[in-house]
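The next block holds one structure in the form of C-alpha cells; read it before the comments.
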C-alpha cells in the first residue's frame, strides 16, 4: 500500500516546482547546470547579504549615537544572522565541492534520451490535453475517496 503524498499547501507547492524543474530540465546535463547555477546564486546572495549586514554593523559601531528608530534590524539579529550565514556559506562550499565531482560525470546521448523519457513519466505536462481530460474525469467521479457525497 503506497502512502498518499502530503496535500498541505507547502508540499503541493514543492511538488509543483519539483515537476516543473523535471519538465523544463529533463536531461542529466541540464540538471547538472541547473543545480550548479542554483548553488552559485544562493551562495552569491548569502555572501552579499552577509557583507551588507557586516557593513551595517560596522557603521553602527562607529556611530554609537544612532537612534533605535533608524534600526530596522537589531544588532543582536544582525550578529545572529551573520553567524547563521557563515554556516550556510560553509555548507554551500561543501555542496559545491561535491557538485564538481558530479560535473566529472559524462553520459551518452542514448542515456540522455532515457532521462527525457523518464522525465515525461515523472512529471507529465499538466497542460497536455490527455492529462487535462484525465484530471477532469477524476475530479468528476462521485465515489472518489476525497469527495464527500452530499446526496
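The values are calculated or read from the model by the stated rules, or taken from the named source; none is laboratory data. Note that the structure is a prediction, hence the values are computed from the model and not measured. Heads up, the Cβs are rebuilt from the backbone with ideal geometry, glycines too, and the neighbour counts pull from every protein chain shown.
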Residues in region 45-101 that are farther than 30 Å from residue 29 by Cβ, part of a helix (DSSP H, G or I) and either at pLDDT below 90 or touching a helix residue (DSSP H, G or I) at 6+ places or on another chain (Cβ under 8 Å) (or both): how many?
19
Has region 23-34 got any residue that is modelled with pLDDT under 90 and either exposed (fewer than 12 other Cβ atoms within 10 Å of the Cβ) or within 30 Å of residue 122 (Cα to Cα) (or both)?
no
The number of residues in region 70-112 that are within 15 Å of residue 54 (Cβ to Cβ) and touching a residue at least 60 places away in the same chain (Cβ under 8 Å) is 0
Output the number of residues of region 1-22 satisfying the condition of being at pLDDT 85 or above and either outside any helix (DSSP H, G or I) or over 16 Å from the mean Cα position of the chain (by Cα) (or both).
1
Name the residue, out of 46, 6, that is closer than 26 Å to residue 126 by Cα and either in contact (Cβ under 8 Å) with a residue 24 or more places away in the chain or surrounded by 11 or more Cβ atoms within 10 Å (Cβ to Cβ) (or both).
6
Of the conditions (1) out of contact with any helix residue (DSSP H, G or I) (no Cβ under 6 Å at 6 or more places or on another chain); (2) modelled with pLDDT of 90 or more; (3) under 20 Å from residue 24 (Cα atoms); (4) outside any helix (DSSP H, G or I), residue 113 fails just one. Which one is it?
(4)
